[in-house]
Each structure stands twice: as C-alpha cells, then as structure tokens.
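The structure follows.
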Amino acid sequence: MQQADVVPVIIVGGGPVGLTSSILLSLRDIPHILFERHPDTSIHPKACGINQRTSEIFRAIGVEDEVCQQAAPMPIAGRTAWYTSLGEDGREIISRDAWGGGQYADEYATFSPSRYCILPQIRLEPILKRRAIELNPEGVVFNAEVLDVRNENDRVRVKVNFRGKSANSNSAEFSTQYVLIADGGRKFTEQLGIKWLGEPNLFDMVTAHIRSPLRSFHPDPRNFMTWFINPDMGGSTRTGYLYQIGPWSSNSPDEDEWVFACGVIESDPRQFDEPTMLDRLRGVVGIPDLPAKLISLSHWNVNAVYAEKWRLGRVFLVGDSAHKVPPWGALGMNSGIQDAQNLVWKLQLALQDKGKYDRLLDTYETERLDIGRRVGLTSLHNMRSHSNVMDAALGITVDQSAQKNREELASFFDPSHPDYSKKRAAVKRAQDTLDIEFKAPGFEVGWFYPSVDISGEGGDTHGGQQNADGSLNSHYYFPSTIPGHHLPHVVLRKTNETVPIRDLLKLNKLVLFTEELRPEVLQDRRIHVEIVGPQGWQDTSGDWQRLCQGAAVLVRPDGIVAWRGQLKDWTFASWTKLIDTVLLASH
C-alpha cells in the first residue's frame, strides 16, 4: 500500500452532493480529492426536482444556466395529474399546477432570482462533474473505492482502492484534515458506528428507466408526473407513477425517456425482471401494445431516517449518508446539496485558523440535523398522503376487495350516484393536504436555523414562517431578515446595472448590507461591505428597506442572515467581538 501526501479535504462519493462539495471547495482554493467508486456518473435517473434554494447554489457555482437549458420546459415542469390509466377506458381523476408552475409562477418568482427546475440526476451529474473537473482536474477521481475512514488525533486516514482498466488494482492510504462522507449512505455511516434514527425499511419499490413514445398516448402531455390509481391494485403507491425526463431537445417521440415506479406487491421482488416490469407498466398505463424499451431497472427500499450524529471527529456526513428520505416532495437531493453549502464555508474558516473555528464546525450538525429529521418526516407524510388522503377520498383501500374498490371509483365518475358530489369535493380537499408535496414554498425556501437567532428576534412565529406548535408554515414563504433566515430576494440598481441582492454575496466572506459605511467594519478581514442607500445600490422598490427595517444586515456565505442591527457607536474591538459571537458562540 502506498502512502499519499496530506491533502486538506477528502470527499467520499461523486454524486450530486459530493460533486457540489468539490466545486464549492475549489472556488475557495481549498485543495482536495474526491473519490468515487463507480467509473462514471449515475446511470439511473433518481432525483429530478431542483428547488429554488438549490438552484441558487448552482447559480453561485456557475452551472445554473446549463441546468436550466437542459431542464424540462416550464409548461411540462409545473403540472401533475391522477389517472385511472391512459388507455381507451382511462379517465383523469384530477390535475393541478405544481412546483411553481402555472398559477404559482408569479408567486415563486418573488422568492428567488432562480427557478424551480426539473432535471433528472443522470443529466445533472455530468454538468456538475464537468465543472468539478474544470476547477480541479487532478482531484476528481472515479474508479476509486474508499475502503476505510478512521479518525487519528489531528487527522483522518483514508484507505482507497484504485480500479484500473485491467483486472489489477492498487491501493493507497491518504492523510487529510477533514473528510466529507457523501457516499449515499451505503457504507460509512454504519462503519463509523453512527446510528440511524427514524423509520427504516418501510417497503420495497422498483423503478424502470424506459424509452417510449408515451407523450403520443397521453391525454395531457403537459403533465410532468402522472399518478395512477388502479382499484384492483389497492390504490396509488401500489399502482405506480410515471414521469417524463426528456431529453427535452429531441423532437422525436421515439427518443422520449420516462421513469415508471411502483410498489413491489409480488412475493419475491427478485422476480421483478425486464419482462415483468414492462408488463406491469403496460398494465398500469392501460396500453397492452405500448412500445417501450427498458434502459435500466432499480430496486430500492423506502426509508425515512437520519443519522444520530453528523460529525464524528474530523469526519462529516452530508447528503444521504446523513439522511435518507422518501422521494415524495423532492427534498432529499436538495437537502444534501444544501448540507454541503452549509458546511464548506465553515471548513474554509477552520482551515485558515486552525483550532479557532472548531466550534463553528459543530454548528453544521446543530443546524442541519434538525433539517434532515424534518425532511424525512415531511417526505413520509407526503408518501402516506397518497393512500391516506387521495385514495381515501375515492373510497379505495388496500384491505377492500377489488370489486368494492371498483365500485367506489366508479361512483366518482357517475353524476347520478348519491356519493358523486361528496367524492368530488373530497378529492378537491385532498389537494390541500397534497400541497405539502406539490406547492410548499415554506419547506422549499422558507426553512431557517432557529439557533442562529441568538437574541430571540423571531419570537414565536419568526415572521409567520413558524406555526404555534413550532412547525414550519409550509404553504407560504415569509421573506425576513431575522437572523437564521434566508436572505430575501430583492433587486437592487446602480446606474445602468441591475442585480439580485443574492448575487452580491461572497463565497469566502460575510457580507454586511448597510446604508452607512463605518471604518471599523472594514478592518475585519472576514467582512465585505455593500452600501444600499444614496451612495451605493438603490432600493428603488423599497423592498429592502421594508425587510431590513432600517438596520444593517450581516449575511453568511451560505446566504443565511447572521445578525442585524444599528452600527452606531461600534468600535473595532466591539465589532470583532460581535463577529466572533456570531461565528463561535451562537449555538
């Protein structure tokens, strides 16, 4: 085994979270190596919803434009529907706008300069990989399996096995100051002795990536996602759902790609091979002779779990190594990328000032663990709502006979049936509950870190974002400059230049937005100052003045408000103490 030189950071895993972590480190000129055991990026679509706070990260790292160019067109990206099937006897149950599309477009545009995007992981990862390699050509290594990670005093030992083109391989041991585990929760969480909390192994699912001209058969091809409710199968999750993944640049229906997912109801999931899956697909969509070619097949287990600890010595868990959540609501990958954004700027300070910022690194777990717990519970609620709310509104249950379920569904379409109006109203009401999956800006962009609000400025409601029971208001986003909250979207102007305030943030410094410039602030190398007032950026809409309430606002590199207040009577010493308090003692 070879001994490798010391490198400040090692990333284990080259999925979206690992690659984003690498880009964020490179943009801060932090030497690092990323090791990925596979020879290339993912071959199965997996995650596809990219919410606005993740799009903002992509904006900061220079890939947002390419992501948007390859993403689903907005008329498709913002629709979902429920059908009995797509065949001759198929009926639409209900359809709706979702994810900032249609009727929600104007509202979502006020949240961020970036939009919600639909792009499958198989197309997102190559974009991130190209950017990561562009910034760190020698430090992104595929075909490299990390075998062991162990803390040793002031460093971490990482054992790596390199797989060559031949049957032979070689291994090396690396020494590093910090390790980011982004392996998808496959190995190292357990190997490090960290327990999973929550609800594991809920049930088995299978997804098929197919190529099929399905848009030609769909009554409303605008729908990005179509959910099916077959009474013979006992309802939604057991029937399955279908979503289209492009490629959006193709004009040939035969080139269209889709993902079909369903619960495994057969006794032995290993029998779910290609013929079985294609038969299931054709049966669910109600088109027996549907042309379809299987590209890949994946069996997976639904979990709603999070790691008990997110930091162990100098090792940090990010993404699915810290939280595995059901995909209903598209919170998993987004939360993982947001984990990386939270951690990497803190690592930069820790590497620059050894020892001083170790407590700042502890805030990663303080801030993100509760997010991981909540997204798991939210995603689990979303998953169960399809049967507990949507199926229930139709009168369909797993325990009833197929004949009874068919009768219940038939009454939804029969105006002469005495239950017709009641069921129509129940299905419409069900959409209010399903909003948490399809229209939940409070969860997507409104989440905040209560621990950052060291002065208790948020009170009981945090500007309306928090309910009386401490939960988030999911349906609405309330922009706020309360410490711990996301920097609100405001457009500023200077002469002929217009800029979203978010674009003024710095990767390696805190930014102070203030109307007056104080010399003592400029002496702190951790601070960059932007003037919003007569001598600087113009708040022509008045939105910033309304949100900051005349106070100076200090924002962290990850876009989180760290402090707000008046600058009058500050000295260099008192200002330095404030910044130390914000960074070190706020948690």
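Values quoted throughout were computed directly from the atomic coordinates according to the rules given, and no laboratory measurement underlies them. The structure presented is a predicted model; accordingly, all values stated were derived computationally and were not measured. Don't worry about glycine lacking a Cβ; one is built from the backbone with ideal geometry, like all the others, and counts go over all protein chains shown.
Give the separation of the Cα centroids, the stretch 43-60 to the stretch 479-500, in Å.
Cα centroid of the stretch 43-60 versus Cα centroid of the stretch 479-500: 22 Å apart.
Can you sort Leu504, Leu512, Leu492 by how many other beta carbons sit within 10 Å, fewest first?
By the 10 Å Cβ count, ascending: Leu504, Leu492, Leu512.
Within the set of other residues whose C-beta is less than 9 Å from the C-beta of Ala208, count the net charge using Lys and Arg as +1 and Asp and Glu as -1.
Value of the local net charge: 0.
Please report the antiparallel percentage of DSSP beta bridges with both residues in the stretch 450-584, rounded to the nearest 5.
70
Taking K and R as +1 and D and E as -1, what net charge do the other residues with C-beta under 13 Å from the C-beta of Gln352 add up to?
Computed value for this residue: +4.
If you take the charge dipole of the stretch 450-584 about its Cα centre, with +1 on Lys and Arg Cβ and -1 on Asp and Glu Cβ, which of Pro519, Leu584, Ser474 is farthest toward its positive end?
Sorting the options by dipole projection puts first Pro519.
While we're on this one: From the backbone phi of the stretch 198-206, what are the Karplus-calculated ³J(HN,Hα) couplings (6.51 cos²θ - 1.76 cosθ + 1.60, θ = phi - 60°) in whole Hz, Gly and Pro given as x?
Residue by residue, the stretch 198-206 yields x, 10, x, 6, 6, 5, 8, 10, 9 Hz.
What percent of all Cα-Cα pairs in the stretch 128-273 falls in each 5 Å bin, counting up from 0?
Calculated over all Cα pairs of the stretch 128-273, the distribution is 2, 7, 10, 12, 11, 12, 13, 13, 10, 7, 3, 1, 0 percent.
Would you mind ranking Cys548, Cys48, Cys68, Cys262 so that the residue whose beta carbon has the fewest other beta carbons within 10 Å leads the list?
By the 10 Å Cβ count, ascending, the order reads Cys68, Cys548, Cys262, Cys48.
I would also like to ask the following. Starting from the stretch 428-506, pick out the chymotrypsin sites (Phe, Trp or Tyr not before Pro) whose DSSP state is loop and whose Cβ has at most 16 other Cβ atoms within 10 Å.
Tyr476
Over the alpha-carbon set of the chain, work out the extent along each principal axis and list the three values in angstrom, largest first.
77, 64, 44
Sort His486, His218 so that the residue with the fewest other Cβ atoms within 10 Å of its own Cβ comes first and the one with the most comes last.
Ascending number of Cβ neighbours within 10 Å: His218, His486.
Could you pull out the pairs from Lys159/Lys324; Lys509/Lys577; Lys354/Lys577; Lys46/Lys293; Lys195/Lys346 whose alpha carbons sit more than 21 Å apart here?
Lys159/Lys324; Lys195/Lys346
A further question follows. Count the DSSP beta bridges whose two residues both fall in the chain, then state the antiparallel fraction as a percent rounded to the nearest 5.
70
With +1 on each Lys and Arg Cβ and -1 on each Asp and Glu Cβ, how big is the dipole of the stretch 450-584 about its Cα centre, in debye rounded to the nearest 20?
360
Nothing charged except the Cβ atoms of Lys and Arg (+1) and of Asp and Glu (-1): what's the magnitude of the dipole of the stretch 57-178 about its Cα centre? Round to the nearest 20 debye.
About 380 debye.
Could you tell me whether the stretch 450-584 comes out rounded, prolate or oblate from its Cα gyration tensor? Rule is a ≥ b ≥ c as square roots of the eigenvalues, rounded for a/c under 1.5, then prolate if a/b exceeds b/c, otherwise oblate.
The shape class here is oblate.
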